[in-house]
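Q: Have a look at this one before I ask anything.
The values are calculated or read from the model by the stated rules, or taken from the named source; none is laboratory data. Keep in mind that what you see is a predicted model, and the values were worked out from it rather than measured. Cβ placement follows ideal geometry from the backbone for every residue including glycine, while neighbour counts extend to all protein chains displayed. For accessibility, only protein heavy atoms count, side chains too; no ligands or nucleic acids. Shrake-Rupley method; radii C 1.70, N 1.55, O 1.52, S 1.80 Å.
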Amino acid sequence: ELEEKMTAIARTMHSIRVNKAQVLEERINKELKDLEMKNASFTVQIEWEENKFQTTGLDKIEFLICTNVGEEAKPLLKIASGGEMSRIMLAIKSVLAEVDEVETLVFDEIDTGISGIAANKVGEKIIVSDWIKNIRDHGGVLFLDLRDNTETIQVVSNDDNKNNQNTTENKKEE
C-alpha cells in the first residue's frame, strides 16, 4: 500500500516535471539565442524508472545540449568548452533566477571564442540582469580568465557599480 501511494505521488511529480521541462527548454533556448548561441538547443530528458525509487521520485532527469547543427545532443556535464559551459550556465541561471537563490557566481572563460555582438550580449546580460546585479553588489560575482576577449572585459568593466573592479587592469599579458 505504501509503495502504491509513493508511485502515485511519483506519477504526479513526473507529469508536472514533463510540463515544466517544456517551459524551461523554451526559456533557456531563448536565452541561448540572445547570447548569440543561435545553433544551440537545450533539452530536458526525463525518463521514468519503474521501481527505482529515489529521494526525488522515479524520474531520471538529465539536461542535454547541442551546440552545433547536425550534432547529437549530449549531457550538459560532457560539454568540453569552459566558455560554452559558462554561457550555457548564464542562460540557465537567467531563467532559474526567479526560484534559485545564489550567493556567488563564478564565470570561467565566459569570453572564450566570442567577439563582437556575442561579447556585447554576454556583457549586457551580466550588467543588465537584476539578479546578477544584486549578487554583484555584494561582491559575489567572479570572472576568471578574461584574457581572450578585450570587448567582454570592457563591457563588464563599464558597469556603473562602484564595487566593480576594472578587470582590464588585471588582464593577463599574452
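Q: Can you find a residue that is surrounded by fewer than 18 Cβ atoms within 10 Å (Cβ to Cβ), over 20 Å from Ile110 (Cα atoms) and under 17 Å from the mean Cα position of the chain (by Cα) anywhere in region 50-62?
A: yes
Q: Now a separate question. Just need a number here: residues in region 93-132 that are surrounded by 16 or more Cβ atoms within 10 Å (Cβ to Cβ) and either at pLDDT below 80 or out of contact with any strand residue (DSSP E or B) (no Cβ under 8 Å at 6 or more places or on another chain) (or both).
A: 22
Q: Could you give every pair whose Cβ atoms fall below 7 Å, whose first residue belongs to region 26-52 and is farther than 30 Å from Ile9 by Cβ, and whose second residue is surrounded by fewer than 17 Cβ atoms within 10 Å (Cβ to Cβ), counting only separations of at least 6 or pairs across chains?
A: Listed by first residue and then by second, the contacts come to Glu36/Ile117; Asn39/Asn68; Asn39/Val69; Ala40/Cys66; Ser41/Cys66; Ser41/Ala73.
Q: Also, I was wondering about something else. In region 54-83, how many residues are in a loop (DSSP other than H, G, I, E, B), more than 30 Å from Val122 (Cα to Cα) and at pLDDT 90 or above?
A: Of the residues in region 54-83, 1 are in a loop (DSSP other than H, G, I, E, B), more than 30 Å from Val122 (Cα to Cα) and at pLDDT 90 or above.
Q: Can you say whether Leu24 is under 27 Å from the mean Cα position of the chain (by Cα) and modelled with pLDDT of 95 or more, as far as the supplied structure shows?
A: Spelling it out, Leu24 is indeed under 27 Å from the mean Cα position of the chain (by Cα) and modelled with pLDDT of 95 or more.
Q: Looking only at region 15-45, count every residue that is open to solvent by less than 40 Å² (accessible area, probe 1.4 Å) and either in a strand (DSSP E or B) or within 30 Å of Leu2 (Cα to Cα) (or both) and tell me the total.
A: Filtering region 15-45 for residues open to solvent by less than 40 Å² (accessible area, probe 1.4 Å) gives 21, 24, 28-29, 31-32, 35, 37, 40, 42, 44.
So of that shortlist, the ones also either in a strand (DSSP E or B) or within 30 Å of Leu2 (Cα to Cα) (or both) come out as 21, 42, 44.
Residues in region 15-45 being open to solvent by less than 40 Å² (accessible area, probe 1.4 Å) and either in a strand (DSSP E or B) or within 30 Å of Leu2 (Cα to Cα) (or both): 3 in total.
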